[in-house]
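The values are calculated or read from the model by the stated rules, or taken from the named source; none is laboratory data. The shown structure was predicted, so the numbers you read here are calculated from the model rather than taken from an experiment. When we count neighbours, we look across all protein chains shown, and the Cβ atoms used for this are built from the backbone with ideal geometry, even at glycine. Surface accessibility is based on the protein's heavy atoms, side chains included, excluding ligands, DNA and RNA. Shrake-Rupley method; radii C 1.70, N 1.55, O 1.52, S 1.80 Å.
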Amino acid sequence: MGSESNMVHSPMLTYASMISLLTLCPPFVILLWYTMVHADGSVLQTFDYLRQHGLQGFIDIWPKPTATAWKIIACYAAFEAALQLWLPGKRVEGPISPTGNRPVYKANGVAAYAVTLITYLGLWWFGIFNPTIVYDHLGEIFSALIFGSFIFCIFLYIKGLVAPSSTDSGSSGNIIIDFYWGMELYPRIGKNFDIKVFTNCRFGMMSWAVLAVTYCIKQYETYGRVSDSMLINMILMLVYVTKFFWWEAGYWNTMDIAHDRAGFYICWGCLVWVPSVYTSPGMYLVNHPVNLGVQLAVYILVSGILCIYINYDCDRQRQEFRRTNGKALVWGKAPSKIHATYTTTSGETKSSLLLMSGWWGLSRHFHYVPEILAAFSWTLPALFNHFLPYFYVVFLTILLFDRAKRDDDRCRSKYGKYWKLYCEKVPYRIIPGIY
Ligand code: NDP
């Protein structure tokens, strides 16, 4: 990965966006938490507070990472790492890396997910640990995660420099780019503990489910009941995360794992941004027990599940197509496809297939449409009193439109004329007929 491969935008814009994300994301996480938990979800209220109290006011609301927060994080991280290492699972091979390696994984995500949720609910049920403690220390936990994950990313940078796990590693020559995008594609501790599987899946995505449940329990313990809005939000988030773990081995073929290196962008994002921003609609609902009524609740639930299913089916279709070497039927018919060839960085010529039927014939990244709509549907229970619960949907839309561009550029340089042909046959990038 040279620096140019990460500069699909101009170098100026790339540096500016890297520096601003590095500096603005941490305070944003704290402001988001503060607004959701202490300012009634109202951006105006937080804004007023900051106007009156200035920088000192901001420093005052930034919680210090406490011993309780560190303990919660350490227990959770150690538990997830142990499950990742020791739960049984099928041996799965990842895609061939740019330098021609093939990483091997243990597919035990569903088991880890089930054990995690059962343990968490069990601890609550038997009065051993009350999840409301997590909610009550959320600010301190996010604060600890912000600093802890930053240090972890420095560790990743140094590891990439002095002890890379594979040949899929290297410097771009610029320390900021290396820290931000990462040095290694598949960093491991020992032979088997894959760091990106841990940060992205077992810590990040798992925390999403754990926190969705936490918010629900907090509302129950505060109000003595769970509102239908909270229930719909939690169910849809859990369906989404369940789908994720069901398909986790497929995730190991996606850009996050196969192309984005382990740096601030992906690892800090999964360790901090996912537990805070991704779960934020539920965080808002804790103190806003909106009542939707059965009809609206069912309508939102069904459309949300449909979106999650379509998103899953897009990913499944592509993976089945590749797995069966283009032989699997797509929407009941033999798929149209492109036999593409490309050259790895070590000079080997490899072949690959591009699907032009089914969802992948509608647009080149159609799967992002149901992904965004699913996020909208688990936010909708918050109704429209405040904008902030919708921040995740807006963020996701920007992220995925940017990602579609990054992926198109990467595929164009990987596949050359074959990608051009695919673009001619499937001209729209995301929304059929529009974009
Ligand atoms: P994918 O990695 O699944 O798809 C892109 C890759 O697929 C390309 O790099 C290319 O890789 C291959 N490809 C592209 N076109 C074709 C084709 N026509 N036929 C076959 N293969 C093709 O994309 P993402 O990682 O972006 O998304 C995976 C899932 O994760 C989606 O469901 C998405 O919605 C979700 N997601 C969620 C996010 C969130 O924050 N909630 C963020 C990002 C993704 P190759 O080099 O193998 O050819």
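Quick look at the numbers
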quantity: Residue-averaged [θ]222 nm for the chain, counting only DSSP H segments that reach four residues, each worth -39500 (n - 2.57); calculated: -19000 deg cm²/dmol
quantity: Estimated distance in nm for a label pair at L13 and K333, the labels positioned 7 Å out from Cα along Cα-to-Cβ; calculated: 3.7 nm
quantity: Amide proton proximity set for S357, modelled H, under 5 Å, gap of 5+; calculated: S336
quantity: Accessible-area ranking of R225, R364, largest first, probe 1.4 Å; calculated: R225, R364
quantity: C-alpha center-to-center spacing [the range 286-344, the range 396-435] in angstrom; calculated: 18 Å
quantity: Cα-based reach from K90 at 20 Å (exclusive), listing lysines while leaving out same-chain residues under 8 positions away; calculated: K106, K191, K196, K243
quantity: Inter-centroid distance (Cα atoms) of the range 124-171 relative to the range 28-67, Å; calculated: 23 Å
quantity: Under 13 Å, Cβ to Cβ, from G361 - net charge with Lys/Arg +1 and Asp/Glu -1; calculated: +4
quantity: 21 Å tail of the calculated P(r), the range 12-117, as % of Cα pairs; calculated: 64 percent
quantity: Per residue, in Å², the accessible surface of the range 313-413 once ligands and nucleic acids are set aside, probe 1.4 Å; calculated: 46 Å²
quantity: Per-peptide average of other Cβ atoms within 10 Å, ordering 270-283, 411-424 highest first; calculated: 270-283, 411-424
quantity: Relative packing of 106-114, 343-351, 230-238, which averages over residues the other C-beta atoms within 10 Å, highest first; calculated: 230-238, 106-114, 343-351
quantity: At least 20 Å along the helix axis (C-alpha) and Kyte average at least 0.5, DSSP helices within the chain; calculated: 11-38, 67-86, 109-125, 138-162, 228-246
quantity: Percent of alpha-carbon pairs separated by more than 42 Å within the chain; calculated: 13 percent
quantity: Percent accessible area from carbon and sulfur atoms, the range 63-195, protein chains only, probe 1.4 Å; calculated: 72 percent
quantity: 5 Å-binned pair-distance histogram of the range 323-417 (Cα, whole percent); calculated: 2, 11, 15, 16, 15, 14, 11, 7, 5, 3, 1, 0
quantity: Sulfur and carbon atoms: percent of accessible area, the range 293-358 [1.4 Å]; calculated: 59 percent
quantity: Ratio Rg/Rh, restricted to the range 365-435 and using Cα atoms, in which Rh is the Kirkwood radius; calculated: 1.12
quantity: Probe 1.4 Å, accessible area per residue of the range 79-186, Å²; calculated: 46 Å²
quantity: Per residue value of the accessible surface for the range 187-227 (all protein chains in place, 1.4 Å probe), Å²; calculated: 31 Å²
quantity: Cβ-Cβ FRET estimate between L399 and W125, R0 fixed at 30 Å, reported to 0.05; calculated: 0.25
quantity: Cα-based reach from K420 at 19 Å (exclusive), listing lysines while leaving out same-chain residues under 8 positions away; calculated: K337, K350, K405
quantity: Mean Cβ count within 10 Å, highest first, over the residues of peptides 246-253, 316-323, 288-295; calculated: 246-253, 316-323, 288-295
quantity: Fraction of accessible area attributable to carbon and sulfur, the range 211-263 (%, probe 1.4 Å); calculated: 62 percent
quantity: Kirkwood Rh (inverse of mean 1/r, distinct Cα pairs), the range 96-176, angstrom; calculated: 16.8 Å
quantity: Surface accessible to a 1.4 Å probe, K327 within the full protein complex, Å²; calculated: 150 Å²
